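Engineer: The structure that follows is given in the form of structure tokens.
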Amino acid sequence: MSTPAPAGAQRELSPAEVVGLYPAHAGTIGSFFETRMRTVPDRQVVCFDGRQWTYAQLDVARRLLARAFARRGIGKGDRIALISVNSDLGILVYLAAATLGAIFIPLNPAATREELEYLLRHAKARLVIAQPQDLERGGEIAAHLERVPELLCTRDLGGDAASIAEITAQLAALAGGPGSPEADGQASPEDAAVVIYTSGTTGFPKGVVHTHRTYILAAEGFVARMHLQPAERLLTVMPFYHINALFYSLGGAIAAGGTLITTTRFSASDFWNLVSRTGATQFNFLAAVGNILLNRPRSEFNPRHSLRKVYGGPISERMYTVFREEFHVPVLIEGYGMSEIPGACCTPYAGLHKQGSIGKAAVHPSLPGAFAELKVVDDDGKELPVGETGELVVRTPMMFKEYLDDPAQTRAAFRDGWFLTGDLVRRDADGYFYFVARKKDIIRRRGENISGAELDRILGDHPEVLEAAAIAVPSELGEDEILVVIVPRPEARPRPQDILAWCRTRLTPMKVPRYIVFADSLPHTPSHRVAKHRLKADPGLLARAFDALQAS
């Protein structure tokens, strides 16, 4: 399958031509944004509900907020945590932090108190910014940390109903007056800029540290991946604590000099009207979102939409066909990446699209040679021939710097400079890669990586549970659902509802298992680890499992 140009479309600029429209930047996020602002100051850069920011307006605001942060003692290397759903104010916090050389750490507002306490303790943020509904619990948690951070409410940066002029005036007051905005800080390209938390196989989230340079390379890489144009309007409904939204959608919009459109949450019933209202031309989705849209009533579809490109995966044959033939979206690009290696590979934009493939190694608009290198290796690190299945290892300039405050985990993630993805793949003779299975104890649910070890630990703390094991099972929406096998303590008789209630108070909704099975024992390896591969191979587990979705 090849991707044709939309009928009647003007010639698209090449990715190199798009990036070449703007002056060279200094390798920092502040300078990266400023080159676009100086070239297209009056173009919209962010649209959030009723507010539409131009590059010039957002530039003034991010500098004022940076000065307000500086007045509070925030400087280069300090960490700023944000607990909020998507909004333009979150983008503003990110850019202001980057301006100062501070580190932006977006956290999931759906996290439970226990999860949030761990994240804030681990992040060691000097400043915590929370949306109003999370301000109280954020303050309670922060008060018990070893180093108590300052707490600020997003409302202090401008309420939902405030105009851009009102927000700017409020920021000027926080900054100490409407004088000259703060100049860029002393950040360098190799300085840490953002931390994305991702589930780890140890059972505790790991903070993936990216620098100014790796963020910009990933953003520019997305221009190449999707052939973004200067007039592109990128829609994201994914949260900014997810690398897809922050690096691909926001970063890609800035790299192209285009516009980002975001909203607080995904509404399937209003999706096509949102696309039409906002003039969105490009959209990133997960398999679950794509499948939901496939199965929604066609009465919700708005044929006057402007969507021309979508990026996501996995893209089934049905999804490909429906989006092109029924939804009239001509370009669908499937790709693969992780928080550590954003955008490692994808199907070529104008080349052959092979069904079921995650594509070929990524390229950069203006850097010659290999941008992302991918190999398939055996357990000893030896490269395997075409067609054989092994672990995918990656080496790319977009690669993360380290895991936050965790040198041991950082060392363990690499072999001879290659990042170990923990995913099993195979490669064909044309250089296309195909995902086979996960090697690590990670469950992929609606675009989120969920640590099986974390679920095992939480479930194992239940007073009536002797041992527990969480595994991935297929989901009707694509990717995985969570099944947990519970071995009760002697004389205990826990019910599925008890297990679910325990999880709901300790885990985000995304991590709460759907299926629960009780067993007398679990299989173990010679080293006494749970043999999860044997559980996954047992078709009877799912057949006799309690289904929380059906019971609700």
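Each value in this text was obtained by applying a stated rule to the coordinates, not by laboratory testing. The model shown is predicted, which means the values in this text are computed figures rather than measured ones. Quick reminder, even Gly has a Cβ in these numbers, built from the backbone with ideal geometry, and neighbours come from all protein chains shown.
Engineer: Charges on Cβ only, +1 for Lys and Arg, -1 for Asp and Glu, centred on the Cα centroid of segment 243-336; of Ala255, Phe327, Ser306, which one is farthest towards the dipole's positive end?
Structural biologist: Ser306
Engineer: For the peptides 98-105, 334-341, what is the packing order when you average, over each peptide's residues, the other Cβ atoms within 10 Å and list the highest mean first?
Structural biologist: 98-105, 334-341
Engineer: Once phi is turned into θ = phi - 60°, what whole-Hz ³J(HN,Hα) does the Karplus curve with 6.51, -1.76 and 1.60 give for every residue of segment 547-552, x standing for Gly and Pro?
Structural biologist: Computed from phi, the couplings for segment 547-552 are 9, 5, 5, 6, 7, 7 Hz.
Engineer: What residues have an amide H closer than 5 Å to that of Asn449, excluding those fewer than 5 places away on the same chain, when H is modeled at 1.01 Å from N in the peptide plane?
Structural biologist: Ser199
Engineer: Moving on to the next point. Quote to one decimal, in nm, the extra length available between Arg298 and Ala551 on full extension: 0.36 nm per residue of separation minus the C-alpha distance between them.
Structural biologist: 88.3 nm is the gain from fully extending Arg298 to Ala551.
Engineer: Sticking with this one: On a straight-distance basis, which lysines could pair with Lys76 in a cross-link, Cα separation under 18 angstrom, same-chain partners fewer than 8 positions away excluded?
Structural biologist: Lys124, Lys401
Engineer: Determine ³J(HN,Hα), in whole Hz, for all residues of segment 245-252 in sequence, where each value follows from phi through the Karplus function 6.51 cos²θ - 1.76 cosθ + 1.60 and θ = phi - 60°; x replaces Gly and Pro.
Structural biologist: 5, 6, 8, 7, 6, 5, x, x
Engineer: Let me ask something else. Rounded, prolate or oblate: which fits segment 61-168 when a ≥ b ≥ c are the square roots of the eigenvalues of the alpha-carbon gyration tensor, with rounded for a/c under 1.5 and prolate only if a/b beats b/c?
Structural biologist: Oblate, because a/c is 1.5 or more while a/b does not exceed b/c.
Engineer: With the contact rule set at Cα under 8 Å and sequence spacing of 6 or more, what percent relative contact order holds for the chain?
Structural biologist: 13 percent
Engineer: Can I ask one more? What lysines could a cross-link reach from Lys532, if we take a straight Cα to Cα line under 19 Å and drop same-chain neighbours fewer than 8 places away?
Structural biologist: Reachable lysines: Lys439, Lys440, Lys511.
Engineer: Can you tell me how segment 267-338 classifies by the Cα gyration tensor, rounded, prolate or oblate, using a/c under 1.5 as the rounded cut?
Structural biologist: Prolate, since a/c reaches 1.5 and a/b exceeds b/c.
Engineer: Which whole-Hz ³J(HN,Hα) couplings does segment 397-405 yield from phi under the Karplus relation 6.51 cos²θ - 1.76 cosθ + 1.60, θ = phi - 60°, glycine and proline marked x?
Structural biologist: With coefficients 6.51, -1.76 and 1.60, one gets x, 7, 5, 4, 7, 5, 8, 4, 6 Hz.
Engineer: How large is the charge dipole for segment 443-551, taken about the Cα centre, if only the Cβ atoms of Lys, Arg (+1) and Asp, Glu (-1) carry charge, to the nearest 20 debye?
Structural biologist: The dipole magnitude comes to about 120 debye.
Engineer: Once you place label points 7 Å from the Cα toward the Cβ at Leu542 and Asn449, how far apart are they in nm?
Structural biologist: The two pseudo-label positions are separated by 2.4 nm.
Engineer: Please get the size of the charge dipole for the chain, origin at its Cα centre, with Cβ charges of +1 on Lys and Arg and -1 on Asp and Glu, quoted in debye to the nearest 20.
Structural biologist: Roughly 460 debye, rounded to the nearest 20.
Engineer: DSSP loop (so not H, G, I, E, B), at most 12 other Cβ within 10 Å: list which trypsin sites (Lys or Arg not before Pro) in segment 483-539 pass both filters.
Structural biologist: Arg529
Engineer: Choose one of Leu549, Leu95, Pro397: the residue whose Cα lies farthest towards the positive end of the charge dipole of the chain (beta-carbon charges +1 Lys, Arg; -1 Asp, Glu; about the Cα centre).
Structural biologist: Positive-end residue among those listed: Leu95.
Engineer: Would you mind checking which residues have amide H under 5 Å from Thr211's amide H? H placed 1.01 Å from N; only 5 or more apart, or other chain.
Structural biologist: Answer set, sorted by chain and number: Ala193, Lys401.
Engineer: Expected output is a single nm value to one decimal: the length gained when fully extending between Asp378 and Arg495, i.e. 0.36 nm times separation in residues minus the C-alpha distance. What is it?
Structural biologist: The span from Asp378 to Arg495 would gain 37.9 nm if fully extended.
Engineer: Here's something else I'd like to know. Order of Trp53, Trp502 from fewest to most other C-beta atoms within 10 Å?
Structural biologist: Trp502, Trp53
Engineer: Moving on. Pull up all non-local amide H partners of Val329: gap of 5 or more, or a different chain, and H-to-H distance under 5 Å with H placed in the peptide plane.
Structural biologist: Under 5 Å from the amide H of Val329: Arg324.
Engineer: How much length is gained on full extension from Asp42 to Ser267, taking 0.36 nm per residue of separation minus their Cα-Cα distance?
Structural biologist: Fully extending the segment from Asp42 to Ser267 adds 78.0 nm.
Engineer: How would segment 443-551 be classified by its alpha-carbon gyration tensor: rounded, prolate or oblate, with rounded meaning a/c under 1.5 and the a/b versus b/c comparison settling the rest?
Structural biologist: rounded
Engineer: Here's something else I'd like to know. Using the per-residue mean of other Cβ atoms lying within 10 Å as a proxy for protection, in what order, highest first, do the peptides 404-414, 361-371, 387-397, 229-239 fall?
Structural biologist: Ranked from most to least packed, the peptides come out as 229-239, 387-397, 361-371, 404-414.
Engineer: Straight-line reach from Lys536: which aspartates and glutamates have a Cα under 14 Å away, not including same-chain ones fewer than 8 places off?
Structural biologist: Within the straight-line cut-off, Lys536 pairs with Asp441, Asp480, Glu481.
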